[in-house]
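Trainee: The structure's right below; bear with me while I get my questions together.
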Amino acid sequence: MSRLPVTIGRRSLARHDIPEFHEMTAKKAAAPLAHAVTTHTLLHKHSARAFHNGVLTAALTTHLMDPQIWNESLQLQAAVMQRLQDQYRDWLKGCAILMDDYSQLRQANTMSKLVEKQCNLVTQWSQLVTVQATNLVGLMENIEVDYGYWVSQKLHS
Amino acid sequence: MVTSANAKVVQLGSYNVKKGQSSISGLSSGAFMTVQMHLAHSASFVGAGIIAGGPFRCAETYRWAAPLAEDANIENSLYICMNPLVPQTAPNAQRLAQLARQTAEAGQIDDVANLADDRVYIFTGSQDEVVYSDVVARTRKFYELLGVEPDNIVYDDSLPAGHSIITDNPEDSPLPTNQPPYINNGGFMQSHEILRHLYAGLKPPAERLSGRLLRFDQTEFFGGEPRASMSRFGYAYVPRAVEEGAPARVHIALHGCKQGYNYTDYVNGRADIANQPPYGNRYITTTGYNHIADSNDIIVLYPQVEGMDDGEIQNPDGCWDWWGYTSLDSRQPDYYSRDAIQIKAIHGMLDRLGG
């Protein structure tokens, strides 16, 4: 993976084998299209799985009188709620830590240090949001996969 | 820490090893690969130690997790074989045991009958948030269904440990930690517990190591193929008595994800190569294997895997392949079989040593 270029003083630490910016933009012009294709593919996969889960759920209606089905279904829902609670707790904890750091921002003795510290807080905030968003999407996938697996086991038992 | 005498790269040598007396253990992806190796070459092993690992071909538990098989394997690995929502969505041990029997009948792995007299150590920490205990419980059931005597299985779920191999090193992480380097201080050496269960009558671990830690060129065992995701170097601890010709046994110790010597951490999606050297050999030197091996004429083999994420091979965390990323054909994955590139490489090393 390429190292991000960093210039300190007059000496650039950029790797000289990395193309100049205008060359890179020309080469990477197709990247937005590639990203769009990837997104479309993933959404298609998600839709296919949701459709398959819908078919399984329809078949499960023949088992609605089974109390074990209801019991396990409630367990699944409770597990999801627990995961959401855990994520929310982590979100609050992360925000509290950042608020505390901001309120205790030590006095920097140079302008560059001050800029660095303030930007660090912004980066850490962004990181917190990234982790939350990733975990939330991960939980959605977890629910889809586990629900489909659970229903298929019930139908085949 | 003992290092090789002059820090050079050697070719893995041969020793007076008792055939069929080898064993294997691992953590996390190393544990999943331990189960795969154990099944694939059960004739070579007397037992296995599994720390936080799931059953054989766990990633194929539920085919319809995604339209494409390779995607389904990844979804299964994450959401069934690591973090199932409830026990009912953990891997199905019966189905996977049946799959193991079918795989053996197809000639892809050794006969499962070889497992009957094997000894198995299985551990899960109650605070493990990476591979849930429900999954590891299925591993015990899996082995029981394949005919391993219940008395030969040690299943320990009693400790509030995080996802880790446990040591008694003061500088290691607190016991409930679930973070790299996944080596936690619990006041004892888990590697010693594993080997004491796998081999009866072991002597106490050596106070001072007598042997050499060799750095060997691994690439000859996987042809240097990038899809193996294996590092250039592997390591082996050879006790002095074994170097001088004493009969030996081999124990293969497989590290987990993010624990190979060449692993580099990613920060915000970018390899932190500016500030951090590769992870190093902490798993090889501080987990206690070498000390108990030294006093018992056991060679410890440490194969190494590394992170790779180039669009074709998606293994950024440097995990052993337990979901099929090395398979050439995703519709016919072979990651679990004797022909799998990583399994072939590791067994090739064992063969070279003489096991």
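Trainee: Among the residues of segment A:124-139, is any farther than 30 Å from residue B:132 by Cβ and part of a helix (DSSP H, G or I)?
Mentor: Within segment A:124-139, one or more residues are farther than 30 Å from residue B:132 by Cβ and part of a helix (DSSP H, G or I).
Trainee: So residue B:76 clears everything in (1) of a type outside the set (A, V, I, L, M); (2) away from chain A (no Cβ under 13 Å); (3) over 28 Å from residue B:167 (Cβ atoms) except one condition, right? Which one?
Mentor: Answer for residue B:76: the failing condition is (2).
Trainee: In addition: From the list B:126, B:164, B:173, pick out the single residue that is of a type in the set (S, T, N, Q) and closer than 15 Å to residue B:26 by Cα.
Mentor: The conditions single out B:164.
Each row is one residue, and each column tells you yes or no for (1) on the phi < 0 side of the Ramachandran plot; (2) exposed (fewer than 12 other Cβ atoms within 10 Å of the Cβ); (3) of a type in the set (A, V, I, L, M).
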residue: A:44; (1), (2), (3): yes, yes, no
residue: A:48; (1), (2), (3): yes, no, yes
residue: A:51; (1), (2), (3): yes, yes, no
residue: A:67; (1), (2), (3): yes, yes, no
residue: A:80; (1), (2), (3): yes, no, yes
residue: A:90; (1), (2), (3): yes, no, no
residue: A:94; (1), (2), (3): yes, no, no
residue: A:97; (1), (2), (3): yes, no, yes
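Trainee: Mind checking which residues of segment B:134-181 are of a type in the set (Asp, Glu), over 15 Å from residue B:123 (Cβ atoms) and not in a helix (DSSP H, G or I)?
Mentor: B:149, B:168, B:171, B:172 - these are the residues of segment B:134-181 that are of a type in the set (Asp, Glu), over 15 Å from residue B:123 (Cβ atoms) and not in a helix (DSSP H, G or I).
Trainee: Suppose the filter is within 15 Å of residue B:118 (Cβ to Cβ) and either within 14 Å of chain A (Cβ to nearest Cβ) or assigned to a helix (DSSP H, G or I) (or both); does residue B:43 pass it?
Mentor: yes
Trainee: So which pairs qualify, if the first residue must be in segment A:146-157 and at the interface with chain B (Cβ under 7 Å from one of its Cβ atoms), the second must be of a type in the set (Gly, Ala, Ser), the Cβ gap must be under 9 Å, and the two must be at least 6 apart or on different chains?
Mentor: A:146/A:79; A:148/B:65; A:149/B:65; A:150/A:73
Trainee: Sort out which residues of segment B:46-72 are within 11 Å of chain A (Cβ to nearest Cβ) and either in contact (Cβ under 8 Å) with a residue 40 or more places away in the chain or in a helix (DSSP H, G or I) (or both), and write them in order of number.
Mentor: Those that are within 11 Å of chain A (Cβ to nearest Cβ) and either in contact (Cβ under 8 Å) with a residue 40 or more places away in the chain or in a helix (DSSP H, G or I) (or both): B:63, B:64, B:65, B:68, B:71, B:72.
Trainee: Taking segment A:126-157 only, how many residues are hydroxyl-bearing (Ser, Thr, Tyr) and more than 15 Å from the chain's Cα centre (by Cα)?
Mentor: 4
Trainee: Related question: Could you check how many residues of segment B:124-167 are free of Cβ contacts under 8 Å to residues at least 24 places away in the same chain and on the phi > 0 side of the Ramachandran plot?
Mentor: 0
Trainee: May I ask you to say which residue of B:151, B:110, B:157, B:118 is more than 19 Å from residue B:54 (Cβ to Cβ), touching a helix residue (DSSP H, G or I) at 6+ places or on another chain (Cβ under 8 Å) and either among the aromatic types (Phe, Trp, Tyr) or modelled with pLDDT of 95 or more (or both)?
Mentor: Only one candidate passes the filter, namely B:110.
Trainee: Among the candidates A:104, A:124, A:85, A:118, single out the residue that is touching a residue at least 12 places away in the same chain (Cβ under 8 Å), away from chain B (no Cβ under 12 Å) and polar (S, T, N, Q).
Mentor: Exactly one of A:104, A:124, A:85, A:118 is touching a residue at least 12 places away in the same chain (Cβ under 8 Å), away from chain B (no Cβ under 12 Å) and polar (S, T, N, Q), namely A:118.
Trainee: Okay, next question. Can you pull out the residues in segment B:75-128 that are of a type in the set (Val, Ile, Thr) and either in a loop (DSSP other than H, G, I, E, B) or over 13 Å from residue B:147 (Cβ atoms) (or both)?
Mentor: If the condition is that a residue be of a type in the set (Val, Ile, Thr) and either in a loop (DSSP other than H, G, I, E, B) or over 13 Å from residue B:147 (Cβ atoms) (or both), then B:80, B:86, B:89, B:103, B:109, B:122, B:124 are the ones that fit.
Trainee: What about residue B:285, is it under 21 Å from the mean Cα position of the chain (by Cα), within 14 Å of another protein chain (Cβ to nearest Cβ) and surrounded by 14 or more Cβ atoms within 10 Å (Cβ to Cβ)?
Mentor: So residue B:285 fails the test.
Trainee: Is it the case that some residue within segment B:232-245 is within 14 Å of another protein chain (Cβ to nearest Cβ), in a strand (DSSP E or B) and among the aromatic types (Phe, Trp, Tyr)?
Mentor: No, segment B:232-245 has no match at all.
The values are calculated or read from the model by the stated rules, or taken from the named source; none is laboratory data. All of these numbers come straight from a predicted model, not from anything done at the bench. Don't worry about glycine lacking a Cβ; one is built from the backbone with ideal geometry, like all the others, and counts go over all protein chains shown.
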